Amino acid sequence: MRPQDILILAQLTLEKNNLSQQSTVPLLSKIPQNKTLATLLKISEAEVSESLRRSEYAGLLADLNLKSINKKAFLDFIMHGLPYVFPARPGALVRGVPTAQSAPPLSNSLISEEQYVWEYADGTVRGQRIEPLYPTVPEIAQQNPALYEVLSLIDAIRTGSPRTIRLASQELEKRIISHA
């Protein structure tokens with residue numbers, strides 16, 4: 001697995017959840033194309049294709065052609081594997097985009113003196129730097145609020161205290177499994 005695999009799976013999950021709540025158009029016409037994912041996430045089309053193959057091999061993608069995600073396995077991997085595979089350690093003070101408990105939805109329920117950010121020149125908050133899963137994350141988060149929330153929750157699991165991790169896990173379950 002590579003960090004961009006998590007980014008791609010998160011976007012696919014959001015798209016699949018959004019599409020399942022919409023019209024009754026046949027499923028095959030709703031499958032996100034690799035080119036669309038690449039454009040949305042500012043990743044090359046080849047990286048998207050390779051990522052999907054890795055995710056299928058790992059059991060996180062149930063069907064490569066339909067881009068069907070094994071949501072339970074994906075959520076389990078985020079909650080139990082991600083902090084070990086892609087840990088995040090707060091770094092120097094920088095300007096950036098809030099993440100982890102410093103960003104919605106956790107910033108609405110947790111009060112913290114610490115601010116965690118993805119470094120970004122156009123950012124509005126000064127805080128401790130958290131390495132994003134992929135370099136394009138701060139930019140794409142500004143354009144996709146739902147993905148921004150999911151990635152911030154993932155960062156809360158990568159960096160948080162047990163209470164923060166518990167709250168982030170509950171919020172992620174709503175977004176990944178329950179379609180909230």
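The values are calculated or read from the model by the stated rules, or taken from the named source; none is laboratory data. Remember, it's a predicted structure, so these values are computed and weren't measured experimentally. Note that we place each Cβ from the backbone using ideal geometry, even for glycine, and neighbour counts take in every protein chain shown.
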Qualifying positions in segment 144-180 - without any contact (Cβ under 8 Å) to a residue 40 or more places away in the chain and under 22 Å from Lys16 (Cα atoms): Pro145, Gln170, Lys174, Ser178, Ala180
Of all residues making up segment 81-95, the number that are buried (at least 17 other Cβ atoms within 10 Å of the Cβ) and either at positive phi or part of a helix (DSSP H, G or I) (or both): 1
Residues satisfying the stated conditions in segment 29-38, i.e. over 16 Å from Pro135 (Cβ atoms) and either touching a Gly at 6+ places or on another chain (Cβ under 6 Å) or in a helix (DSSP H, G or I) (or both): Ser29, Lys30, Asn34, Lys35, Thr36, Leu37
Test: residue in segment 120-128 that is among the charged types (D, E, K, R) and not in a strand (DSSP E or B): yes
Residue list for segment 97-138, filter: of a type in the set (A, V, I, L, M) and either surrounded by fewer than 18 Cβ atoms within 10 Å (Cβ to Cβ) or assigned by TED's automatic domain parsing to the domain that holds Leu40 (or both): Leu110, Ile111, Ala121, Val125
For Ala62: the one exception among (1) aliphatic (A, V, I, L, M); (2) without any contact (Cβ under 8 Å) to a residue 12 or more places away in the chain; (3) under 12 Å from Asp5 (Cα atoms): (3)
Residue match in segment 42-59 (condition: part of a strand (DSSP E or B), out of contact with any His (no Cβ under 8 Å at 6 or more places or on another chain) and either modelled with pLDDT of 95 or more or not hydrophobic (A, V, I, L, M, F, W, C) (or both)): no
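Do we have Val150 as hydrophobic (A, V, I, L, M, F, W, C) and in a strand (DSSP E or B) here?
no
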Candidates Ile111, Ile78, Ile140 - the one that is outside any strand (DSSP E or B) and over 15 Å from the mean Cα position of the chain (by Cα): Ile111
